[in-house]
Each structure stands twice: as C-alpha cells, then as structure tokens.
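The values are calculated or read from the model by the stated rules, or taken from the named source; none is laboratory data. In this text the structure is predicted, and so the values were computed from the model without any measurement. Using ideal geometry, Cβ is built from the backbone for each residue, glycine included, and neighbour counts are taken over all protein chains shown.
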Amino acid sequence: MTAPKAQDITIQQIKQQAAQTAKDLAVPPFWITDWLLHVIDKPALFLMTDDAYQLIEREFAQFNTGITQMQQGTPLAYLTGQQEFWSLDFKVNEHTLIPRPDTEVLVEQVLAWINAQPVEQSDGIENKRLLDLGTGSGCIAISLAHELKIAHKLKQANWQVVAVDFSTEALKIAQENAVSNGVNIEFVQSSWYDALSTHDDDLFDVIVSNPPYIDEADEHLLRLIAEPISALSAPNHGLADIEHIIKQASKYLKVGGLLAIEHGFDQGLAVRQLFAGNSFADIKTIKDFGGNDRVTLGQLS
Ligand code: GLN
C-alpha cells in the first residue's frame with residue numbers, strides 16, 4: 001500500500017481518526033483538531049462547515065510533523081506557540097511553563113482581595129505596587145495588570161506591576177506578551193527577590209507567585225518532559241522555593257499586604273504553617289477547579 005498523498009486527505013478523515021490518534025499518543029483529542037486548525041489557519045467552525053476540505057501538500061506535511069512531535073512528548077502549546085489564559089492570548093516556548101487553567105484561581109483570588117480593600121478617601125489616586133515572582137510567560141502579571149487597568153479607570157488606584165524571572169529567555173516572551181496584551185509591566189531579571197529594593201517606597205501591596213513546587217521524586221514529572229524543569233520542580237519535597245518566598249516576603253511587602261502562592265495539592269498544610277510562622281494572618285487555602293488545595297493567601301501582620 002502506498003502512503004496517502006496530501007490531496008487524498010480531507011478534514012473529515014482526520015476528524016474520523018482524531019479520537020484514535022489521540023488515544024495512541026495519550027493526548028487530549030482536542031489537541032489533534034486544534035493542531036489541524038492551526039496548520040490550515042482556520043477558525044473552529046471550519047471543521048463543521050468545510051470538512052470536505054483537502055489538505056494541500058505543505059499542510060499535510062506540517063500536520064504529520066506535529067503529530068510526530070506530540071508522540072515524542074511536545075505539548076500542543078509548544079507546537080502552536082500559544083496558550084490562552086484568563087481569556088487572553090499568550091505566546092509560549094520551551095523556556096516558559098505553559099499556563100495552566102488552575103492558575104486562574106490564583107489570579108481570581110488576588111483580584112477578589114484587592115477589590116475587597118477599602119478605597120482610601122483621598123483626592124489623588126493611590127499608587128499601588130504588585131509583584132509577580134517567577135513570571136514565566138507573564139500570564140499572572142499580565143492578566144492582573146489587564147484587570148487592574150479597570151481599577152485605574154475607576155480612579156480607585158494606579159497599579160504598577162513588577163514581574164521577575166531568573167530566565168532572560170522567559171522574560172523576552174513575557175515582554176512580548178505584555179505588549180500584545182496592551183499592558184505596562186516592569187520586567188526585572190532576578191532570582192526571586194534578589195534584584196529588588198527593600199526601600200520603604202518600593203514595598204509591595206501584593207506579592208503573587210506560582211513557583212516550581214513539584215517534588216523532585218514525583219512521578220508526574222516524567223510526563224512533563226517538554227517544559228523547563230526549573231519552572232516545575234524544587235527540592236525539599238517541592239517546598240524549597242515556596243519557603244524562600246514566604247520567609248523573605250516581609251522585607252518586600254507592606255504591613256497588611258497580601259502574599260498569594262500557588263502550590264501542590266498536598267502542600268496546603270505545610271504552606272499555611274510557613275505563612276503562620278512568618279508573621280502572616282488571615283491565612284486561607286483555596287481549592288482549584290478539580291477540588292484540590294491549590295492557592296494559599298495571607299496578609300502580613
Ligand atoms: N508564572 C508563570 C505561570 O504561572 C510561570 C510559573 C513557573 O514557571 N513556575 O505559568
């Protein structure tokens with residue numbers, strides 16, 4: 001049997017095989033159809049309305065190359081170079097973690113806390129500062145900056161967002177994402193707080209982070225081969241970076257300010273204890289969309 005030629009392959013045929021292909025590759029079925037849409041550069045509706053469309057040679061070749069890469073462990077987001085988060089589009093590459101839906105819980109909680117703060121009765125707009133540690137693609141900082149622009153328009157506060165990452169490659173992507181999403185962020189190359197000032201005027205009202213938190217011995221890591229290991233896993237049962245961030249926070253956060261950290265499903269208790277042991281009050285852990293402990297918050301007292 002000869003290999004099928006491009007002109008023989010229609011969307012309908014790929015759709016018919018998508019479930020099996022996904023099963024063979026152990027990837028979600030939508031990866032196959034989303035990859036197809038990316039290759040043919042068409043909106044999702046095209047799969048329904050035009051399924052007799054025949055792939056041209058170049059499209060068929062690109063489609064197959066991507067399927068082979070998926071088979072070798074490349075996630076869809078690295079093939080398309082993009083990932084949606086908080087209804088915004090983010091460019092991603094192998095230097096950045098792929099934004100996860102559960103991280104939206106962190107964004108949501110930070111916004112809820114900010115919105116619950118009393119607006120100070122003064123004539124001028126207040127200046128506020130927010131820090132994102134280990135920004136990666138910039139998804140957290142950019143989503144927050146996007147929402148906080150609205151607070152500015154309502155003349156409640158003027159938020160300055162600072163985002164740091166150790167990786168200059170990640171910062172390049174985050175910078176591009178800030179521009180494409182129309183927000184203004186100060187990016188700093190830094191290992192956690194190292195390059196930041198502890199001057200009174202530079203203290204933050206909010207510090208947020210989704211640090212690496214997977215235990216180095218966790219078998220889940222074996223399935224996450226494509227993403228930077230430094231963005232995923234940390235020593236001390238995954239708690240080393242979280243602990244550093246919490247212990248140093250009081251030097252960079254205003255009294256009464258918020259620290260919000262994403263963590264592993266089994267780290268809620270340990271993280272709450274770290275918050276409690278480092279002058280934080282009103283500590284609470286929030287569950288993700290799957291019902292697992294995912295985000296812990298506290299106010300510096
Ligand atoms: N802040 C980025 C995210 O949540 C990167 C986090 C990381 O690399 N650990 O996707």
- Of the numbered conditions (1) under 27 Å from residue 146 (Cα atoms); (2) modelled with pLDDT under 95, residue 7 fails exactly one; give the number of that condition. (1)
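Matching residues to (1) under 25 Å from residue 143 (Cα atoms); (2) in contact (Cβ under 8 Å) with a residue 12 or more places away in the chain; (3) within 11 Å of the ligand (Cβ to nearest atom); (4) touching a Phe, Trp or Tyr at 6+ places or on another chain (Cβ under 9 Å):
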site	(1), (2), (3), (4)
201	yes, no, no, no
205	yes, yes, no, yes
209	yes, yes, yes, yes
220	no, no, no, no
225	no, yes, no, no
- Being closer than 23 Å to residue 94 by Cα, modelled with pLDDT of 95 or more and out of contact with any helix residue (DSSP H, G or I) (no Cβ under 9 Å at 6 or more places or on another chain) narrows it down to one of 230, 191, 209, 301, so name that one. 191
- Within region 43-59, is even one residue of a type in the set (A, V, I, L, M, F, W, C), over 23 Å from residue 196 (Cα atoms) and crowded, with 18+ Cβ neighbours inside 10 Å? yes
- Note on the structure: Apart from one, (1) surrounded by 16 or more Cβ atoms within 10 Å (Cβ to Cβ); (2) within 20 Å of the chain's Cα centre (by Cα) all hold for residue 191; the odd one out is (1)
- Sort out which residues of region 77-113 are in contact with a strand residue (DSSP E or B) (Cβ under 7 Å, 6 or more places away or on another chain) and more than 16 Å from the ligand (Cβ to nearest atom), and write them in order of number. 113
- Scanning for something part of a strand (DSSP E or B), under 22 Å from residue 159 (Cα atoms), more than 16 Å from the ligand (Cβ to nearest atom) and touching a Gly at 6+ places or on another chain (Cβ under 9 Å), does region 288-300 turn up at least one residue? yes
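Would you tally the residues in region 174-211 being closer than 26 Å to residue 286 by Cα and assigned to a loop (DSSP other than H, G, I, E, B)? Break it down into steps so the answer makes sense when it comes.
Going residue by residue through region 174-211, those that are closer than 26 Å to residue 286 by Cα are 192-193, 203-211.
Those left that are additionally assigned to a loop (DSSP other than H, G, I, E, B): 192-193, 203, 210-211.
Counting residues in region 174-211 that are closer than 26 Å to residue 286 by Cα and assigned to a loop (DSSP other than H, G, I, E, B) gives 5.
Can you tell me which residue within region 274-287, out of those that are under 18 Å from residue 107 (Cβ atoms) and touching a Leu at 6+ places or on another chain (Cβ under 9 Å), is surrounded by the fewest Cβ atoms within 10 Å (Cβ to Cβ)?
284
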- Item | Residue check, residue 15 away from the ligand (no atom under 16 Å from the Cβ), surrounded by fewer than 19 Cβ atoms within 10 Å (Cβ to Cβ) and not in a loop (DSSP other than H, G, I, E, B) | yes
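Yes or no, residue by residue, for (1) within 13 Å of the ligand (Cβ to nearest atom); (2) more than 17 Å from residue 89 (Cβ to Cβ); (3) under 15 Å from the mean Cα position of the chain (by Cα):
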residue	(1), (2), (3)
120	no, yes, no
133	yes, yes, yes
153	no, yes, no
162	no, yes, no
165	yes, yes, yes
175	no, no, yes
185	yes, no, no
195	no, yes, no
- Message: Of the residues 24, 41, 50, 8, only one is at positive phi and more than 24 Å from the chain's Cα centre (by Cα); which?
- Response: 41
- Query: Quick one: what pairs do we get from region 66-87, first residue touching a residue at least 24 places away in the same chain (Cβ under 8 Å) and within 20 Å of residue 146 (Cβ to Cβ), second surrounded by fewer than 19 Cβ atoms within 10 Å (Cβ to Cβ) and not hydrophobic (A, V, I, L, M, F, W, C), C-beta under 6 Å, 6+ apart or different chains?
  - Reply: 86/104
- For region 234-249, state whether one or more residues are within 18 Å of residue 97 (Cα to Cα), within 11 Å of the ligand (Cβ to nearest atom), within 15 Å of the chain's Cα centre (by Cα) and among the hydrophobic types (A, V, I, L, M, F, W, C). no
- Being surrounded by fewer than 23 Cβ atoms within 10 Å (Cβ to Cβ), closer than 26 Å to residue 234 by Cα and without any contact (Cβ under 8 Å) to a residue 60 or more places away in the chain, is that true of even one residue in region 146-163? yes
